[in-house]
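The values are calculated or read from the model by the stated rules, or taken from the named source; none is laboratory data. Values in this document were obtained by computation on a predicted structure and should not be read as measured data. We place every Cβ from the backbone using ideal geometry, glycine too, and count neighbours over all the protein chains shown.
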């Protein structure tokens, strides 16, 4: 299994509070991705990174920001959480030689 | 219209049955992926293919590039195959179908 972890695994927070989710990899892969998974929508890309300090938006990036200061860590921040951001968040990694992505275990976020 | 469409959305089978899940896509791709997600669990890659057919145990994946269609087959299904199966396509970034929820009853 690819060495990829996410923290926290579960979080409940109140509307308006900031939240940061962490994705950590030990594979030294170049590409890292944040997705959200919602019933009926499948997985949707929030942001991705193609190297340290190199990030770009995905299809559902509004309300989210990311940072990657080290190869191994990719942080997803909700500056002011809203109930519509209640979801399961998955991180994924990919090296540059294949299209295959490896997924983390997911973080279940509930915004009340 | 979604770029990746899967059918059926839900599927219930009896143990031992042959199962087929279909995936159609409307964009150019470099690879097609079949992923598996058990209830409450993470997502694992079953297959990545760009042509032809791949087999792993009781699972077979096929792709027809000209028709932009792929199928995932499960032979001799078992209750432990119960999961959500997700089709995804990639050309750099990955685009996902909504998934097929499979339940195999003993």
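Kindly establish whether residue B:21 is over 17 Å from residue A:99 (Cα atoms), in contact with a helix residue (DSSP H, G or I) (Cβ under 8 Å, 6 or more places away or on another chain) and crowded, with 17+ Cβ neighbours inside 10 Å. So residue B:21 does not fit the description; no.
Count, please, the residues in the stretch A:70-82 that happen to be farther than 15 Å from residue A:35 by Cα and under 11 Å from the mean Cα position of the chain (by Cα). Give the derivation first.
From the stretch A:70-82, those farther than 15 Å from residue A:35 by Cα are A:70-73, A:79-82; that's our starting set.
Pick out the ones that are also under 11 Å from the mean Cα position of the chain (by Cα) and you get A:73.
So the answer is 1.
Take residue A:33 and tell me if it is under 26 Å from residue B:40 (Cβ atoms), in contact with a strand residue (DSSP E or B) (Cβ under 7 Å, 6 or more places away or on another chain) and surrounded by 18 or more Cβ atoms within 10 Å (Cβ to Cβ). Yes. The residue that is farthest from the other protein chains (Cβ to nearest Cβ), among those in the stretch A:86-96 that are under 20 Å from residue B:41 (Cα atoms) and surrounded by fewer than 20 Cβ atoms within 10 Å (Cβ to Cβ), is A:86.
Look at (1) in contact with a strand residue (DSSP E or B) (Cβ under 9 Å, 6 or more places away or on another chain); (2) within 12 Å of another protein chain (Cβ to nearest Cβ); (3) surrounded by fewer than 20 Cβ atoms within 10 Å (Cβ to Cβ); (4) at pLDDT below 95 and you find that residue A:43 fails only one, number (3). Of the listed requirements (1) in a strand (DSSP E or B); (2) surrounded by 16 or more Cβ atoms within 10 Å (Cβ to Cβ); (3) within 13 Å of chain B (Cβ to nearest Cβ), residue A:99 misses just one: (1).
In the list A:61, A:67, which residue meets the criterion of being modelled with pLDDT of 95 or more, surrounded by 13 or more Cβ atoms within 10 Å (Cβ to Cβ), under 12 Å from the mean Cα position of the chain (by Cα) and not in a strand (DSSP E or B)?
Values: A:67 fails: not in a strand (DSSP E or B).
Exactly one residue qualifies, and that residue is A:61.
Can you list the strands (runs of 3 or more DSSP E) lying wholly within chain B that have 2 or more residues being more than 9 Å from every other protein chain (Cβ to nearest Cβ) and in contact (Cβ under 8 Å) with a residue 60 or more places away in the chain?
Details: elements: B:4-7, B:10-14, B:19-25, B:31-37, B:43-49, B:52-56, B:59-64, B:69-74, B:83-91, B:93-96, B:100-105.
Fully inside chain B and qualifying: B:4-7, B:10-14, B:19-25, B:83-91, B:100-105.
Restricting attention to the stretch B:32-42, the residues that are touching a strand residue (DSSP E or B) at 6+ places or on another chain (Cβ under 7 Å) and at pLDDT below 95 total 2.
Could you say whether any residue in the stretch B:70-81 is farther than 28 Å from residue B:14 by Cα and within 13 Å of the chain's Cα centre (by Cα)?
Initial filter on the stretch B:70-81 (farther than 28 Å from residue B:14 by Cα): none.
Checked the stretch B:70-81: no residue is farther than 28 Å from residue B:14 by Cα and within 13 Å of the chain's Cα centre (by Cα).
Filtered by the rule that a residue be under 9 Å from the mean Cα position of the chain (by Cα), farther than 15 Å from residue A:62 by Cα and within 14 Å of chain B (Cβ to nearest Cβ), the stretch A:19-40 gives A:23, A:32, A:33. Of the residues examined, residue A:39 is one that is at negative phi and without any contact (Cβ under 8 Å) to a residue 24 or more places away in the chain. When we screen B:102, B:59, B:46 for residues that are closer than 27 Å to residue A:31 by Cα and at pLDDT 95 or above, the only hit is B:46.
When A:76, A:109 are checked against the criterion of being in contact with a helix residue (DSSP H, G or I) (Cβ under 9 Å, 6 or more places away or on another chain) and either within 9 Å of another protein chain (Cβ to nearest Cβ) or surrounded by 20 or more Cβ atoms within 10 Å (Cβ to Cβ) (or both), a single residue qualifies: A:109. Residues of the stretch A:1-18 that are assigned to a strand (DSSP E or B), within 19 Å of residue A:66 (Cβ to Cβ) and more than 12 Å from the chain's Cα centre (by Cα): A:11, A:13.
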